[in-house]
Each structure stands twice: as C-alpha cells, then as structure tokens.
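Below is one structure, written out as structure tokens, with a few remarks after it.
The values are calculated or read from the model by the stated rules, or taken from the named source; none is laboratory data. Bear in mind the structure is a predicted one, so any value in this text is a computation, not a measurement. FYI the Cβ positions are ideal-geometry reconstructions off the backbone, even for glycines, and counts take in every protein chain you see.
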Amino acid sequence: MKPLGINHYLEAAKRSAEWHKNYISQMKKCRFDTISVHGIYSMQEALDFNQGSIIEPIYMSTSQSYRDSDEMEAALSYQIPTWCYSRIANPTIYYLEGVLALLETYGSDVDASCIATSSGMAAIQTAVDPFLLPDPKNPSKPINFVATTKVYGGTFQQFAIRKNEERHIEWRKVINSNDINEWENLIDENTRFLYGEMPSNPGQAFFNLKKVIELGNKYGIPVIIDSTVATPALMRPLALGADIVVQSVSKTLLTSGLGIAGAVIAKKNLTSNIDNPEMKADFCMYSKQLPNRDNGPNLSPMHAILALNDIRTLRSRVDLQSRSTMTVAKFLSEHKHIEKVEYLGLESHPLHKIASDYLWLVDSEYDEQYGKKINRYGHLMSFNVKGGAQAARNVFDAMQRIWRATDLGRIKSVATIPAISTHSQQGEEGRKLADIPPNLIRLCVGAEHPDDIIADLDQALSVLDGKKVIFTSPEYSAGGASSATLRK
C-alpha cells in the first residue's frame, strides 16, 4: 500500500479539529442539564466510529495502531490528535475531560480545557507543580505560594510536607481567608500562585473570590480554586475570572463511590509570572503532553465512564442533597447536645452572606419548579458535639444509618471525625490552623429522605442522655472477614 504522506494526516486533523470546535460551540449554547447528559459525545461519532452506541464507549486498549509511519510520526510529534497511549490520551477519558470543561465554563465565554487524573490529590499536584519550578535564570531564587490553611487534610500534607518540608518551597498560610489584606500581605515577587478551597472540607471556610482574583491579576499570578464540594452545579470559578479549578471527581461528581478520579480545568491564556508561553496558552494540554506524560498520574478509562454516568444527574442531585442538608443542619442547630453547626446555608453562619453571593443552583431560573435564581449550599456540613472528643466518638459510634467512613459526596450519607481520620496526620498544630477540633463530626448528607437521617442522628445523640443503643454489628470485622465468619 502506498503511503498517504504526512500532509494527508495534517489536513485530515485540521478538518477534524474544525468540526469538533463547531460542535463544542453548539453544545456551549445548551442548558447545563443537557451538557451533563450529552457532554461532547456526538451522534456523528457514535455512528461513524462506535457502532451507533448512544453511551460513550469504554476504550480499555492501552494504545492506538497507526496506518503507516507518516501517521505515527505526525501523532507522536503532537502534530495531529492521537490516542497514542492511554497514559497520555484515551477516547473515554477525553469525553470526561470535555464535559467537565464545558460545565466549569457554563454561562460564560471562557475557553478552557481539562486534564483528568487518577485522583483528586493527583489533580492538585498537576495544577500546582508546573508553577513551582526554579527560575532557570536564577535557580537559587526562593519560591513561595499563598494558600489557605482550611483545606482537606491531604492537601494540607501535600503543601506542608511534600512542598514546604521536602522541596523547601514556602507555603505562606492564609489563616482567615475572608480577610483580603491577609492574602495581599503574603504576596511578593517570588509568589507563584494563590490557592483556596471553597467551601472548605470540613470547616466550610469561604471567601470573596472576586477580590482574590483581583489580587492575582494585580500581581500577575494565577488563582487556583478547589471547588470539589460546590461542583459546577453551584459555582464556576473560571467564569468569575479564576485561572484553574481543581476537582476531586471521586467525590460529588462520582457520587456512586465506584471510582477514584480527579480533574484540572484551566482557562486558556491564563495568568502567570513564569516565562512559559506554551503552558500559559493551554495549561491542560501542556500538562497532558509534557509533565503528566512523564510523571504518569493518568486516569483509567473505566473510572472515566463511571464518572460520566454520575455527572449526567449532577444538578438535580446537588439540589436534592443541598435541600436535605439544610433540613438536617436546622435540626442539629437546635439540638441540646450540639455546640456548633457549620453550614453555610444557615443564616446564623458568619460566612452565610458572602457564600450566598457565590453559591447558586445553576439554571434554577429556568426550572419550572423554581422560576428564579435560588441559593443552594451543598451536601457538606459539620457539627461540634458538647462534651468533648469522647462524646463525639460515642455519638459517631452510635450511628446506624449514616456510614462511618472518610468519604464524602456519596449518594449515601457518610460521616467521619476529621481529627482522627482525614486530618490526623497533620498533627495538633496543623489541626488548629485548619480549625479541626477533636469533637467535630463531618457529615455529608446523601439522597435519603432527610427525616431518616435526622432520626439516626437523634438516636445517636441520645447516647449522651445515657440511653443504650443496640448496634447492628457489635463485633469487629477485620478486613475481608465475611458475615459467615462473624456469625461463628
């Protein structure tokens, strides 16, 4: 067979890129729910390449075969789109990346791309590491980044240990993230980015994002936001001017709990004081083709399709869980054994007003049920039990409908004690910085009826009145022990 020549493949890639660009522009005009359901998977792709499958296929193959040496050369030099190797690119993962880029920029003219990763922690590393390289003109010049302390425990460890302690990259800590002066006082010419998590896990920290974005623009540095708890159903930082969004896809997006995944969504032509035009032009494509190609924090196609299927119902699910969480939070705020409830939806919360400026149920004004813009505050809340750490453990141990686990964002309600789980490794000093007292219980409300969650909380709290709770499984089950073993 006569080779087709490299120009044939370059021209074909050009036509394909133009078609996909036009299709994505059409999808950007659709409503949020339509994008969630369809993403960027088109009917034409289904009929031409995928046997007419109406659901995105799972491409489990590790690599792509090429027609000839010209196509391989063009592909592996990144002159044409390619699925050369699933560590770099894969069609199923591409569909996940496409829908997340559209959802995070919904309602705006922001052009963004996405790179999916093997976990939320891999997503954080992918988002921040390209900014933390030494200046080649002055390699001994110190580097720092400014980030809030009220973050997920894994994020705290990555910043405090992996970056600050091991690589000597200074983490300048923002204690009160809603104090814009505190942010600005920590910035200097060596600051590489600003980073915040909102709402924070588990403390519900929140801040005026627009003012932080103004600071980023003023000093020419990117603003990176972990929006895992809010998801694009409630807040889209890129549309407000942020540069990069981090999602632990494992959580609210992949609500079934059947997979682990992360994602970085970055706007094109982002702000940075680093002289790297390719990175700034398309951060996610740069990361995909260079650092992540070499470091390999890739996502599996199976987990990508699981995430895609859960994302299809994102808006209605977040609405339901938000409403239920508000009901539960109101119950706990009036309970005699509760010291404090942290939920941004409560009017008594000190950050309620600022959160209400940012957290809106997307497209609620077009919803027949509402017909206007309405606030929703998500599924995550926490509460402090009166009586200290042991009282909190007693209540926690008495839960029978709410699962005891370190997970969040599940379709089932899940609780944990952060001081002995998600934030245990950062030590007492680190927990004080993150405002994680030992009597705090984090609760993520699922899709059950709120009356049943309240009933479980009520009976669990009754142990503090001396009432005996009958545990469903009093025996300790070692990992892998079967129910048959427990019955013996």
(request) Taking the residues in region 308-346 that are of a type in the set (G, A, S) and in contact (Cβ under 8 Å) with a residue 24 or more places away in the chain as candidates, determine which candidate is surrounded by the fewest Cβ atoms within 10 Å (Cβ to Cβ). (result) S316
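Across region 126-164, what is the number of residues that are under 28 Å from A261 (Cβ atoms) and free of Cβ contacts under 8 Å to residues at least 60 places away in the same chain?
10
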(message) When the residues of region 356-383 are narrowed to those that are aliphatic (A, V, I, L, M) and touching an Asp or Glu at 6+ places or on another chain (Cβ under 7 Å), which ends up nearest to P450 (Cα to Cα)?
(response) M381
(request) Test D129 against the stated conditions and say whether it is in contact with a strand residue (DSSP E or B) (Cβ under 9 Å, 6 or more places away or on another chain) and acidic (D, E). (result) no
(message) Take the residues in region 66-93 that are among the polar types (S, T, N, Q) and not in a loop (DSSP other than H, G, I, E, B); name whichever of them is nearest to E278 (Cα to Cα).
(response) T92
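Which of the following residues is among the small types (G, A, S), without any contact (Cβ under 8 Å) to a residue 12 or more places away in the chain and not in a loop (DSSP other than H, G, I, E, B): S16, S25?
S25
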(message) Here is a list: E56, E45. Which entry is in the same structural domain as T252 (by TED's automatic domain parsing), crowded, with 17+ Cβ neighbours inside 10 Å, of a type outside the set (G, A, S) and outside any loop (DSSP other than H, G, I, E, B)?
(response) E45
(request) Answer yes or no as to whether T252 is under 17 Å from the mean Cα position of the chain (by Cα) and in contact (Cβ under 8 Å) with a residue 24 or more places away in the chain. (result) yes
(message) Out of everything in region 268-294 that is in a helix (DSSP H, G or I) and free of Cβ contacts under 8 Å to residues at least 40 places away in the same chain, what residue ends up being surrounded by the most Cβ atoms within 10 Å (Cβ to Cβ)?
(response) K280
(message) Just to be sure I understand, how many residues within region 365-398 are in contact (Cβ under 8 Å) with a residue 24 or more places away in the chain, within 24 Å of S200 (Cα to Cα) and surrounded by fewer than 22 Cβ atoms within 10 Å (Cβ to Cβ)?
(response) 7
(message) Take the residues in region 197-252 that are of a type in the set (V, I, T) and under 19 Å from I187 (Cβ atoms); name whichever of them is surrounded by the fewest Cβ atoms within 10 Å (Cβ to Cβ).
(response) I213
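Looking only at strands (runs of 3 or more DSSP E) that fall completely inside region 331-434, which ones have 3 or more residues that are more than 21 Å from the chain's Cα centre (by Cα)? Steps first, answer last, please.
On the way: elements: 338-342, 380-385, 414-416.
Result: 338-342, 380-385.
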(message) Could you tell me how many of the residues in region 1-25 are of a type in the set (G, A, S) and within 30 Å of G107 (Cβ to Cβ)?
(response) 3
